[in-house]
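Right, one structure below, let's go through it.
The values are calculated or read from the model by the stated rules, or taken from the named source; none is laboratory data. None of the values given here were measured: they were computed from a predicted structure. Cβ placement follows ideal geometry from the backbone for every residue including glycine, while neighbour counts extend to all protein chains displayed. What goes into the accessible areas is simple: the full protein's heavy atoms, side chains included, and nothing from ligands, DNA or RNA. Shrake-Rupley method; radii C 1.70, N 1.55, O 1.52, S 1.80 Å.
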Amino acid sequence: MIQHFKRPAAMRPGSSMPPIQLSDAQLNSLAAFLLKLNMDNATALENAPEFATQGALVYTANHCSTCHVVNGVGVKIGPPLNGLSKRQSRSWVEEHFADPAKLSPDSIMPAYKLSPKDLDNLTTYLFALPE
Ligand code: HEC
């Protein structure tokens with residue numbers, strides 16, 4: 001798939017698809033995404049609210065899964081984030097991103113300077129996660 005993204009006509013003679021200009025990491029992510037796509041999750045994805053798609057993108061772009069588990073995926077260095085809304089208030093979570101150690105002494109979580117929109121989408125996404 002990645003070879004095809006890079007040089008469509010070399011893999012499919014006569015293909016009029018233009019080469020996709022992305023980094024290797026982005027091509028890997030795109031291929032992994034397409035391999036996981038099926039009728040059920042494609043419908044869910046299409047119907048996902050904008051905040052969920054945007055919030056999940058902020059989560060992925062900041063590599064939060066190197067320390068957290070969401071829906072069973074990730075590394076358990078910090079607490080799993082499903083059910084967050086039962087444990088913390090929205091203002092606590094937003095303040096925590098700016099300075100984790102201020103609210104959780106000795107926290108190893110780095111601080112995140114997010115734009116107001118990214119912060120809003122990320123927090124809304126995390127609060128919408130099922131328990
Ligand atoms: C280097 C590891 C690390 C990274 C990267 C990291 N975290 Fe954390 N996170 C932790 C640890 C450890 C805690 C528990 C201590 C604390 O509250 O700060 C935590 C706590 C949290 C909490 C509070 C959870 C609760 O149940 O109280 C939230 C929410 C959170 N992280 C979200 C995120 C998000 C979203 C990202 C990415 C933008 C992220 N973290 C990146 C390590 C990390």
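So here's what we get for this one:
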{"item": "Over segment 1-47: Kirkwood hydrodynamic radius from C-alpha pairwise inverse distances, Å", "result": "11.9"}
{"item": "Exposure rank, largest accessible area first [M1, M17, M39; 1.4 Å]", "result": "M39, M1, M17"}
{"item": "Segment 15-124: trypsin sites (Lys or Arg not before Pro) in DSSP loop, at most 13 other beta carbons within 10 Å", "result": "K76, K113"}
{"item": "Residue-averaged [θ]222 nm for the chain, counting only DSSP H segments that reach four residues, each worth -39500 (n - 2.57)", "result": "-15000 deg cm²/dmol"}
{"item": "Between segment 15-35 and segment 111-131, the alpha-carbon center distance in angstrom", "result": "27"}
{"item": "Net length gained if the chain between M17 and N71 were fully extended (0.36 nm per residue, minus Cα distance)", "result": "15.9 nm"}
{"item": "Dipole magnitude of the chain, debye to nearest 20 (Cβ charges: Lys/Arg +1, Asp/Glu -1, about Cα centre)", "result": "360"}
{"item": "Hits among lysines - C-alpha to C-alpha of K117 under 26 Å, sequence gap 8 or more where chains match", "result": "K86, K102"}
{"item": "Whole-number D in µm² s⁻¹ for segment 40-131, Kirkwood Cα-pair radius fed into Stokes-Einstein, 37 °C, 0.692 mPa s", "result": "240"}
{"item": "Distance in nm between pseudo-label sites at L35 and M1 (7 Å out along the Cβ direction from Cα)", "result": "0.7"}
